[in-house]
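In what follows, a single structure is set out as structure tokens and then discussed.
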Amino acid sequence: MLLIITSKADKETLQKVAEDLEGYIKFVVDVEKGILTAGGLRHFEGEELLLKEGSKQDNLWGGGLDLETGEIDFDSMINIRPTQGNPSREVLSEVVRKKVEEIVRTLLK
């Protein structure tokens, strides 16, 4: 299940978005709006949903959250953006990583 999350997710919502990958949640964060999509099998699905809702491509970054360990990763194909100084699947900018982590911790933890 793929959802847009704009405020702190409750336990039931977390369980729903974690069903696709058995306890692991793929997310796409809009670092400008402070919202994210959670769930689904591919990051591009969340990216498309946020773009349809008016987000700008430059503000969207993907990663994942392991609900069991609480570990956050910053790995996604949508993060490959050489024109923004990010030629990797990993989010390389510490500033962007901090923003992404803050939003994820606020909305999903």
Handout entry: Flag if Lys16 is surrounded by 13 or more Cβ atoms within 10 Å (Cβ to Cβ) and either in contact with a Pro (Cβ under 6 Å, 6 or more places away or on another chain) or assigned to a strand (DSSP E or B) (or both)
Key = no
Exercise for the section: Kindly list the number of the only condition in (1) surrounded by 12 or more Cβ atoms within 10 Å (Cβ to Cβ); (2) without any contact (Cβ under 8 Å) to a residue 40 or more places away in the chain that fails for Met77. Expected result: (1)
Practice task
Of all residues in segment 32-75, count the ones that are of a type in the set (Ser, Thr, Tyr), closer than 15 Å to Val104 by Cα and over 9 Å from the mean Cα position of the chain (by Cα).
Solution key: 1
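If a residue must be in contact (Cβ under 8 Å) with a residue 24 or more places away in the chain and surrounded by fewer than 21 Cβ atoms within 10 Å (Cβ to Cβ), how many such residues does segment 50-64 contain? I'd like the intermediate steps shown before the answer.
Initial filter on segment 50-64 (in contact (Cβ under 8 Å) with a residue 24 or more places away in the chain): 50, 53, 55-56, 58-64.
Cutting the leftovers down to surrounded by fewer than 21 Cβ atoms within 10 Å (Cβ to Cβ) gives us 53, 56, 58-59, 64.
Count: 5.
Check Leu92, Leu49, Leu107, Leu41 and return the single one that is closer than 19 Å to Val17 by Cα, assigned to a loop (DSSP other than H, G, I, E, B) and modelled with pLDDT of 95 or more.
Working: Leu92 fails: closer than 19 Å to Val17 by Cα; Leu49 fails: assigned to a loop (DSSP other than H, G, I, E, B); Leu107 fails: assigned to a loop (DSSP other than H, G, I, E, B).
The match here is Leu41.
Every residue in segment 34-49 that is of a type in the set (D, E, K, R) and either surrounded by 21 or more Cβ atoms within 10 Å (Cβ to Cβ) or touching a helix residue (DSSP H, G or I) at 6+ places or on another chain (Cβ under 7 Å) (or both), please. Give the steps one after another, and end with the answer.
Let us first name the residues in segment 34-49 that are of a type in the set (D, E, K, R), namely 42, 45, 47-48.
Scanning segment 34-49 gives a single hit, Glu47.
Considering only segment 62-82, how many residues are of a type in the set (Ser, Thr, Tyr) and touching an Asp or Glu at 6+ places or on another chain (Cβ under 9 Å)? Explain how you work it out, then say what you get.
Residues of segment 62-82 that are of a type in the set (Ser, Thr, Tyr), as a first pass: 69, 76.
Filter again for touching an Asp or Glu at 6+ places or on another chain (Cβ under 9 Å), leaving 76.
The total comes to 1.
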Handout entry: Given (1) in contact with a helix residue (DSSP H, G or I) (Cβ under 9 Å, 6 or more places away or on another chain); (2) more than 16 Å from Leu108 (Cα to Cα), number of the condition Leu14 does not satisfy
Key = (2)
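The values are calculated or read from the model by the stated rules, or taken from the named source; none is laboratory data. In this text the structure is predicted, and so the values were computed from the model without any measurement. Note that each Cβ is placed from the backbone with ideal geometry, even for glycine, and that neighbours are counted across all protein chains shown.
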